[in-house]
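Only one structure is covered here, and it is reproduced in the block below.
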Amino acid sequence: MNGKEIIKRLRLEGWRVDRVNGSHHVLTKDGKAVPVPVHGTRDVGIGLIAAIERQTGVKLK
């Protein structure tokens, strides 16, 4: 799962892209901010996916 796919799933759950800093997109919802790396079609590591799931409460895989 790459960064673009993660952002697509989070946007469906109500998260919105607040800003882009280099290759990292920062999504926000209810005062929380979560950075998501977007490096083309390169997959995000499973540890980072798990961290994003914990921070957002959204099941990604």
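The values are calculated or read from the model by the stated rules, or taken from the named source; none is laboratory data. Every value quoted in this text rests on a predicted model; they were computed, and no experiment measured them. Every residue, glycine among them, receives a Cβ derived from its backbone with ideal geometry; neighbour counts consider all protein chains shown.
The figures follow:
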| read-out | value |
| --- | --- |
| Selection status of residue 27, modelled with pLDDT of 95 or more, among the aliphatic types (A, V, I, L, M), in a loop (DSSP other than H, G, I, E, B) and in contact with a helix residue (DSSP H, G or I) (Cβ under 8 Å, 6 or more places away or on another chain) | no |
| The lone exception for residue 47 - which of (1) of a type outside the set (Ser, Thr, Tyr); (2) in a strand (DSSP E or B); (3) loosely packed, with under 13 Cβ neighbours inside 10 Å it fails | (2) |
| Condition met for residue 61 (of a type outside the set (Asp, Glu), surrounded by fewer than 11 Cβ atoms within 10 Å (Cβ to Cβ), at negative phi and out of contact with any Phe, Trp or Tyr (no Cβ under 7 Å at 6 or more places or on another chain)) | yes |
| Contacts under 6 angstrom Cβ, first residue in segment 17-29 being more than 18 Å from residue 40 (Cα to Cα) and of a type in the set (S, T, N, Q), partner surrounded by 11 or more Cβ atoms within 10 Å (Cβ to Cβ) and at pLDDT 95 or above, 6 or more apart | 28/18 |
| Qualifying position, being outside any loop (DSSP other than H, G, I, E, B), within 9 Å of the chain's Cα centre (by Cα) and at negative phi, among 20, 36 | 36 |
